[in-house]
Structures are given as C-alpha cells and as structure tokens.
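Take a look at the structure below.
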Amino acid sequence: VPWNWMHGRAGAKRLAPTSASREQLHAREGGVAIPHLVPLPLLGRSHRRETTASAAMAAAAAAAEPKTKYDRQLRIWGDQGQAALEKASICLLNCGPTGTEALKNLVLGGIGSVTVVDGSKVEQSDLGNNFLLDEGCLGQSRAKSICSFLQELNDAVKAKYVEESPATMIDTNPSFFSQFTVVLATQLPESSLLKLDSICRSANIVLVAARSYGLTGLVRVSIKEHCVIESKPDHSLDDLRLHNPWPELKQFAKSIDICDKDPVVHKHTPYIVILVRLAEKWADAHDGQLPSTRQEKREFKDLIRAHMLNVDEDNYKEAVESSYKVSVTPGISDEIRQIIDDSSSEVNFSSSDFWVLVASLKEFIANEGNGELPLEGTIPDMTSLTE
Amino acid sequence: PSRAAKVLMVGAGGIGCELLKTLALSGFSDIHVIDLDTIEVSNLNRQFLFRKSHVGQSKAHVARDAILKFRPNINIESHHANVKDAQFNVDFFKQFNVVLNGLDNLDARRHVNRLCLAAEVPLVESGTTGFLGQVTVHVKGKTECYECQPKPIPKSYPVCTITSTPSKFVHCIVWAKELLFAKLFGDKNQDNDLNVHSKDGSSSKLDVFERDVDEDLDQYAQRIYDHVFGYNIEVALENEETWKNRRRPNPVYIRDTLPEAVKQNGSSWDCSNDHEEPSAMASLGLTNPQEIWTLAENSRVLLEAFKLFFEKREKEIGNLVFDKDDQLAVEFVTAAANIRAHSFGIPLHSLFEAKGVAGNIVHAVATTNAIIAGLIVIEAIKVLQDDYKNYRMTYCLEHPTKKLLLMPVEPFEPNPSCYVCSETPLLLDVNTKVTKLKEVIDKIIKSKLGMNLPLVMIGSTLVFEDGDGLEEDEAANYALNLEKVLAELPAPVINGTKLTVEDFQQELSCSINIKHREEFDEEKEPDGMVLSGWSAPVEKQINSNGENKSAASSSSARATDDTVEDPSKPGMKRKLDELLETKENCDASSSAQVVEDDDDCTMLDGNPALIKKKRLQ
C-alpha cells in the first residue's frame, strides 16, 4: 500500500469526535453527561464551507499513517527508537499530577501500553492539579478516569488500569510487575520503594522512582544493567592496523612504488600505503620496533617529509597528520578487557544479544584476532587516483 | 500574584499547549493567546490539547477550548491571527503584566521584543529543538533585550555554490527547490539563475524551459531532464578553472539512466484516481519514504512527478511555491536533488530526510516542551513579584554539564550598543551607484533589522514608507524610489549620508551611516552590502589554565552568517552536513552549538561555561 498521508480514504468514515466517546463513558457510569462538544456558532454559508473543508482534512488525517504523526520525533530517534517505544509497556503507580504528566508524554510518543495502578477515587482536590480530570470524574476511580483521557491522546496505545493501592500490590502480588518494561513509581514512601526495587531487580525491570514536592522533586532510576551498542559513534577511529597490516594490505602496499618519479603518481599515492611502507622501513632500521617515544615519532614524521617531492603534496600531508596511527599500542584497551572478562560473557540461553555479541568477540580475540579486535572495515577519505 | 495577573501568550503550539496547561494549573486566570496556525497531524505527537478531529482548525481557539474543559472558570481570549498584525500595537501590549513567547521563528520574536520594549512589559522568551531548550527573561532597563546579543540569521548560500559547485546535499536541495521547481512551477516573473539557453543556437526559443506547442508531456519532461542534468553540466565542465581543485561532476542523461523510458511514451503504472492526492511514489509503487532510491528510481520519480503536475495540477502551475506538506512537490524536489547529488558525487538521501532539509523541519518531542513550559511559569511568577535578583536564564541541555541538565544563568545587563534597546547608529557598506533602494529595504531593513513596516528618511526627505493608508501619489512615488539606485534618489545617498529608518508599530528608530564601497566578495558577501556597528558585549573567556582571555565577538550582523541550526537525521546524532537554507526563519530554539568549519556553525547562546559578563545587580 503506497505511503501517503492521504491513503486509506476507505476508512475515512471515522469522523466521530473522541469527546463523544467520553459522553458515553459518563452515561454508562450513571453520572451527569456534561456536553463536551463546544457548540460551533453557525455563521452562515462561509462558515459551513470552512467546517466541511476542515472536516475533510480531519477525515484524511484520521486515516493518516502514524508516521506522519510521529514525524517530528522520528527525526530524533528514528525507526528503531520508535519501535523500542512501541514495544514497551509501562506500569504507573499512583496517577497523581506527577505520574499523569509523565504518562501523557509517553502516550503522546506512542508507547506500547500503559497500566495504571491506583486505588483512589477522584476527589475535589484532584481537580485543581490534574489536567486530565474534570468535574465529571468526581467520585470515580482515578485510575480509570486517567486512562480514558490517555486513550484519547493516542488511540494506538493500550491504556489499562487496576484499581488497587500500589502498596498492596507490592506486598501481595509482586509477580504482577514482571510483565512490564518499566515501572514508574510516583509518590511512594521509601518502604514500598525498597520492596519494589528488589522485585524489579530480580526481574530485570527498570524502575523509575519520582517524588515531587511543590517546586522541588526528584527522579531516580534503578537498573540492574543497561547495555548500549553505539552503532554510530561520534568519533570513529579509522583503524587500519598500520602497526601490523594484514597480509593483503601489505602486499598492496608493496606493489606500489612510493618513489615513483612521475609527480602526478607520486602525489596521489594513498597515505595509508606511504605509512605502511615507511613504517616497515623504520622497523627494519630499528630492530623491528615502531616509533614510540616522542623523539622517535618526530623523526618518523621527518622521514615522511623527506619523501616529499613537492610542497603541495596533500597525500604526504595526510600521512604526516596520521603518522601517530603507526604507534598505536597493539592489543585491546582496558575498557574492552573489562567487558569481555565480565562473568556475563559466559552466555546461556537467557543472555541478552549484547552479551552474546561480547562472547563472540571474546572468542575472536582469542583466536583469529590474535589478541586484537576485528577490523572495522571502513576506509577513510584520502587523496589518491581514482583507480 | 498569578490570580490578578493578565498574561499574553504568543504561540499555541508545542510550547504553547504545555504552557497554557501549566498556567491554568498554577492559578492564572486571565490569559490571551495569539497564534496564526492551524492544527496539522504532525503536531499530535506533542501538542496534546489537539486531537485528530481538530486537524485544520485554529490552534489558539482549540487550545482555549481544551483548557476551559478542565478549568471552566478562567478567562481565556484566543486570537487566530498574526502577532505582527496592526491590531496588536503598543496599547494592546500595555494591558499585560507579562508576555510569554512560545514562537518558532526569529522574525516574530524580534517583533514581540520591540513591542514589549515599547510597552515596557516584561518578556519571557523560550525555544526548543529536540532535547534542547531554553528560557530567558527580558525586562527593559534591567536585563538584555532579546536582541542585545546577535541572533543567528538563517543560513544562505552563495549563488555559485548552488548553481555550479554544490558540495553538500543541502546545496542540491536548494537548487531543486529554489531553481528547478521555481522555474518550472513557480512565478514566471521571478528572477531565476538557471541556464535557459539550449544546446543548438538554432532553437527559436528564448527559454528552453518553455513547453513547445503540442509537445508531448513525456518528451517535454525528458528534454528538461537532459537539459538540467546533462547539458548544463557539460557547459559547466567547459570552465576548467572551476574544476582545478574540485571533483568534476558527471553529466546525466535520460538515455543512460532510464533507457526504456526513451522508447515508451506515457506509460506509467498509474493507479491513482482523480480524488486522491497525486503522488509519483504511489504511481510507481514506492512505499517507503525512508528508503534511499537508486538513480533510476529517482529519475522515474522526477519524470512522473513532473507529469503529474501538468496532468493533474495544471491550474496551479505558475503560482506554486514549495510547501513541505505538498507530497508531490516534496517528491519532485527529493528526486531532483538526488540526481544532482549523484552528478556531483554527493550521497543520496531518502524522501524523509530530504523533506526535513527542504522543509526546514525541526525535530520535536513532548518532554522538552513540558520542561520549558514549567520554567517559563516559574520565571513569570518571579517577574510578577518583581523578584529581579532571582531572574534566571535557564538552559535545558541534552547532556549534563557540570552535573546539571538544567543550567541557570543570571541575566546580563542591557547591551549599551544594542541598536534595538539602546539606539546605536549602524554602518552600511554598499555600492551606492548600483544598489537599488529596494534591495537595501529587503535585505537590510526588513530582513536584518527585522522591521515590518519601515519608513526611510534621508535628512528630512521621506523616500519610502510601507503600510496601508497611503495616498495614491505617495505610493506611486515610493514605488519609483524603490527602483532607483541609492545615488539617484531624490535626496541622493552617497558616502557619509545618514539614513533614518523607523517602524512605528515596533516603536523602533535607527540611524544607518552609509559608506560607499565598489567591490564585494561574491562568496563572503553575497548580498553585496554589509551591515555593521552593532557589537555584542565583550566576552571574557576562562580557559582551562584559569587565565582570563577576552574575546570580543565580531560586530557585524554578517558575522552571524556563520551560525545555523541543524535538523538531525533520524537515529543519528546531528550531522552538521544537514544545513538549511531558510527563507522562513530560525529554529524553535534560537540557539544552537558552536563548532567550526566554513558553514558548519551553530552557537550556544550565552554558554554559561564560557561567558562571564556583567551580571545583573
């Protein structure tokens, strides 16, 4: 089906304003049905035309792809981020203003589902500080009222509720929480939080605890472990193992005459090749060692410069700039050592993808890698001939 | 203080919805809201007072109605209008105790700033972009006004970069949007830099873009394709000097990219019916806007979109302006930009990404707006209590700096050389013999100085006035003056002449001293004139050794050409490649982050870690 915010005209009949469903809710409850539809004054033909046009737009919009609705946030976290949001299920304990505000943001963003646990009824004092409640909700379950409004904000989200006090839930039914991705606990006393924290930890669920008091508040996140694979890091290191080139690179470098007299060829020799060849030359003259002290690194740079035929040879300038890459210490860094030595790298069927990857990395390093990480495989820009 | 206060909110969008909610919950009961916009689907991920059923309706009115549902007893007046309208004059502003901005463009912000200064009403400004946001307080006489520090002006590119030597995708987008699209579908009377001469001088046509009588649509489309992507590139390649140090572009011809199209005529798989919005993607069965199309696919989309405009939207041709919500226009521009990018060895982009660049789309999320709205109300309460020692500029950062995610900074004293709040004369370098008054008014007075309805005087001679209520002969006289070069105006403008420029509504008056100069650098000074004399305060910088370094930031408005905002690609940290040329205005947050490099610059306003200026006493 073609992507087009206008597609699905067939489904455009869905014009029923969501406020109407609210009216039904009240009718069922036996409460007073307050008209939520603000009456539009009829101002004559031109106004009617305007309403028809916007009604048509609304119809099209109602049938629009969710991608259009989420466009602005997709530009922050992309499809993957959005998918993660849509897979997640949140449990909110206590739907006072703090919890409601938090849920509002999650629901707008398209969270998979929210479940509100709150045992209280809507009181007069709630009306003053919670924008999701109005007079029609007085006396009803606060959780239920909040959920119905949240549902209006985004009908793609599943909004459920349990009329139960969070403290009771924590004490009597801890396994309730294992179905969730995140538990958001607001305005809970410390005793409940401590119990909840150990429940969440053992089930590997994220716990976010929040309290607000007047103009101050606190948010605290409790997670057992959070693994991040940064696939697009800010600083990418072009690692071409210049200190220990792999066989094909060595051969390629050998096949090029870096002292070719032709000035065009000379100034287009890729700097990688220059470095590989000169590093080898250096090592031959220094007992197999590569430049390591500051003095040696400077001398190595001079060696490179000595091979320049001309002042404007960009490739040689690149070589000088990147000459430090030849002096990289072999082997893996301490941070990586820490990760692969972690006990979680002994994987089993319940291990996360992250740790399975780490386990394979560990094996690679011990075998094919010969103590080094796999080559990243990206080739940096460099001055060269097209071939 | 909140109960008695009368508050004006400008903007009922991302920040506005959250702000209106917070104001209502905080006890404010007398609120005016101005917003000219209507609700769109893409608003619904954060502007929570709106529903799908409201799409197309006025934001100001719907927001008001939504708030009244849970706070029926407060007073909200909503105006579906442009804050720059004449009705919102100084007297209108004077009725408020504080003005709160939730705008998304620099132009309106400057206008409101001037009115607040004129009416002597405190202003709480704000902005957000993705996870970044800020709130600033501006009180006449006590703090800087919004314009005391130069704000980044929307990025513009040198003409030659766009027409001949693009090196970034955004350059291709600008070409596709402002040149090709405009040439084919926009106002024919507008100047356009595309090469209109055809290959064979024998053609009787002056403009190769014109369709021949009875020319087959397919043929027309392919002819244009070959002209802009093939012939024009060949012409450009003839100039060896241009390509001495640059990668040479490859001409692209339809016979190479779509050999089968040349043979067939008019047979596209057309499954659109007359009631649906025409879409090249739909016709071609391309369904994923995030997919990067091949050169062939881009070519097909281009030809198909081209044809659909002529087949289904003929009436609009000649009047079209690019609109990011116009699906077909976005498809056309994406495809055209991609083919050009291919020629020049620039990476191709998906429709989703191209749309973001072409439409200056700013990424946005509900949470940042909620935070900023809360901060706005806190500052508003301080302002109402005259608690000036505690006014703060607060910056909401993406990553904690010094362990703070919300960084408060004391406001600075007014800039004594700010031309808006402290009446400093400005200097304009311009060639008075060739520059028309019209150019000065458009590029400097309206654009850089942000005046809406300016008045220009030379000594006691009024050479130009803008607005309604002009006599016919006056208006005719001004129209004539617009077309005259400065040196030939009724009161001639030459080296040393002083212009007085005023905007009554904004109650702003400026002097501009003219300095005649013959030559201007095409790349660095594309406007052909340079405004200076307005200096930002001297910034004292503490470097890591603890030494004090003074870094006077550069004086001209031109210096702000180095700053841009940057939208981000989905899932990626912002790539500074994605720059925007924008005829509209800046991003929602009028600050961004300083980096280096020719045109990859953005600026963090008043970075508290770097700047120590005179604090508010």
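The values are calculated or read from the model by the stated rules, or taken from the named source; none is laboratory data. Please read these numbers as outputs of a predicted model, since none were measured by experiment. Ideal geometry is used to build each Cβ from the backbone, glycine not excepted, and the neighbour counts take in all protein chains shown.
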Here are some residues: B:Glu488, B:Glu502, B:Glu507, B:Glu474. Which one is on the phi > 0 side of the Ramachandran plot and surrounded by 12 or more Cβ atoms within 10 Å (Cβ to Cβ)? B:Glu507
May I ask you to say which residue of B:Ala118, B:Ala81 is among the small types (Gly, Ala, Ser) and over 17 Å from B:Val33 (Cβ atoms)? B:Ala118
What is the number of the single condition among (1) in contact with an Asp or Glu (Cβ under 9 Å, 6 or more places away or on another chain); (2) more than 20 Å from A:Asn130 (Cβ to Cβ); (3) more than 8 Å from chain A (Cβ to nearest Cβ) that B:Val41 does not meet? (3)
Would you mind stating whether B:Phe96 is at the interface with chain A (Cβ under 8 Å from one of its Cβ atoms) and either under 28 Å from A:Gly128 (Cβ atoms) or in a loop (DSSP other than H, G, I, E, B) (or both)? no
Hits in the stretch B:21-38 (condition: within 12 Å of chain A (Cβ to nearest Cβ) and either assigned to a loop (DSSP other than H, G, I, E, B) or within 16 Å of B:Asn369 (Cβ to Cβ) (or both)): B:Lys21, B:Thr22, B:Leu23, B:Ala24, B:Leu25, B:Ser26, B:Gly27
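How about the stretch B:44-65: which of its residues are in contact (Cβ under 8 Å) with a residue 12 or more places away in the chain, at the interface with chain A (Cβ under 8 Å from one of its Cβ atoms) and surrounded by fewer than 23 Cβ atoms within 10 Å (Cβ to Cβ)?
Keep residues of the stretch B:44-65 that are in contact (Cβ under 8 Å) with a residue 12 or more places away in the chain, which gives B:45-50, B:54-64.
Among the residues that remain, those that are also at the interface with chain A (Cβ under 8 Å from one of its Cβ atoms) are: B:45-46, B:48, B:54-57.
Across the stretch B:44-65, the qualifying residues are B:Gly56, B:Gln57.
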Test set (1) away from chain A (no Cβ under 11 Å); (2) among the acidic types (Asp, Glu); (3) closer than 21 Å to A:Asp126 by Cβ - B:Glu18 fails condition number: (1)
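Quick one: would you say A:Val182 is more than 25 Å from A:Glu225 (Cα to Cα) and modelled with pLDDT of 95 or more? Quick ask: steps written out before the conclusion?
On the way: more than 25 Å from A:Glu225 (Cα to Cα): no; modelled with pLDDT of 95 or more: yes.
When the stated conditions are applied, A:Val182 does not pass them.
State all residues of the stretch B:485-506 that are assigned to a loop (DSSP other than H, G, I, E, B) and under 23 Å from B:Glu518 (Cα atoms); if no residue qualifies, say none.
Here is the first cut: in the stretch B:485-506, the residues assigned to a loop (DSSP other than H, G, I, E, B) are B:489-497, B:504-506.
Those that are assigned to a loop (DSSP other than H, G, I, E, B) and under 23 Å from B:Glu518 (Cα atoms): B:Leu489, B:Pro490, B:Ala491, B:Pro492, B:Val493, B:Ile494, B:Asn495, B:Gly496, B:Thr497.
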Taking the condition of being of a type outside the set (S, T, N, Q) and within 21 Å of B:Thr128 (Cα to Cα), how many residues in the stretch B:382-401 meet it? 9
So is A:Gly214 within 43 Å of the chain's Cα centre (by Cα), of a type in the set (Gly, Ala, Ser) and surrounded by fewer than 16 Cβ atoms within 10 Å (Cβ to Cβ) or not? yes
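Do we have B:Leu427 as among the hydrophobic types (A, V, I, L, M, F, W, C) and under 26 Å from the mean Cα position of the chain (by Cα) here?
Values: among the hydrophobic types (A, V, I, L, M, F, W, C): yes; under 26 Å from the mean Cα position of the chain (by Cα): yes.
So B:Leu427 fits the description; yes.
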Scan the stretch A:72-131 for residues that are farther than 17 Å from A:Ser148 by Cα, touching a strand residue (DSSP E or B) at 6+ places or on another chain (Cβ under 7 Å) and within 11 Å of chain B (Cβ to nearest Cβ) and jot them down. none
Find all pairs meeting these conditions: Cβ atoms under 9 angstrom apart; at least six residues apart or on different chains; first residue within the stretch A:328-355 and hydroxyl-bearing (Ser, Thr, Tyr); second residue modelled with pLDDT under 85 and in a helix (DSSP H, G or I). A:Ser351/A:Ser344; A:Ser351/A:Ser345; A:Ser352/A:Ser344
Index of the failed condition, B:His363 passing every other in (1) within 11 Å of chain A (Cβ to nearest Cβ); (2) under 30 Å from B:His138 (Cα atoms); (3) in a helix (DSSP H, G or I): (3)
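Could you tell me which of the residues B:Leu68, B:Leu36 is free of Cβ contacts under 8 Å to residues at least 12 places away in the same chain and surrounded by fewer than 22 Cβ atoms within 10 Å (Cβ to Cβ)?
From the options B:Leu68, B:Leu36, the qualifying one is B:Leu68.
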Within the stretch B:288-304, residues surrounded by fewer than 18 Cβ atoms within 10 Å (Cβ to Cβ) and closer than 14 Å to B:Phe352 by Cβ come out as B:Asn288, B:Gln290, B:Glu291, B:Ile292
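Considering every residue within the stretch B:59-66, establish whether at least one is within 24 Å of the chain's Cα centre (by Cα), charged (D, E, K, R) and closer than 23 Å to B:Leu449 by Cα. First the steps, then the outcome.
So the first thing to find is which residues in the stretch B:59-66 are within 24 Å of the chain's Cα centre (by Cα), and the list is B:59-60.
Still in the list and also charged (D, E, K, R): B:59.
Pick out the ones that are also closer than 23 Å to B:Leu449 by Cα and you get none.
Within the stretch B:59-66, not a single residue is within 24 Å of the chain's Cα centre (by Cα), charged (D, E, K, R) and closer than 23 Å to B:Leu449 by Cα.
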Checklist (1) of a type in the set (Ser, Thr, Tyr); (2) farther than 23 Å from B:Arg114 by Cα; (3) in a helix (DSSP H, G or I); (4) modelled with pLDDT under 95 applied to B:Thr334, failing item: (4)
Please work out if B:Ile339 is at pLDDT 95 or above and under 25 Å from B:Val137 (Cα atoms). no
First in the stretch B:381-396 and without any contact (Cβ under 8 Å) to a residue 24 or more places away in the chain, second anywhere and of a type in the set (Lys, Arg) and surrounded by 16 or more Cβ atoms within 10 Å (Cβ to Cβ), Cβ under 7 Å, 6 or more apart: B:Asn390/B:Lys382
Among what's in the stretch A:67-95 and is over 14 Å from B:Gln290 (Cβ atoms) and small (Gly, Ala, Ser), pick the residue that is surrounded by the fewest Cβ atoms within 10 Å (Cβ to Cβ). A:Ala84
Failed condition for B:Trp534, given (1) closer than 30 Å to B:Asp85 by Cα; (2) modelled with pLDDT of 85 or more, with all others met? (2)
Could you say which residue among B:Val112, B:Val83 is under 26 Å from B:Arg3 (Cβ atoms), β-branched (Val, Ile, Thr), assigned to a loop (DSSP other than H, G, I, E, B) and within 26 Å of the chain's Cα centre (by Cα)? B:Val83
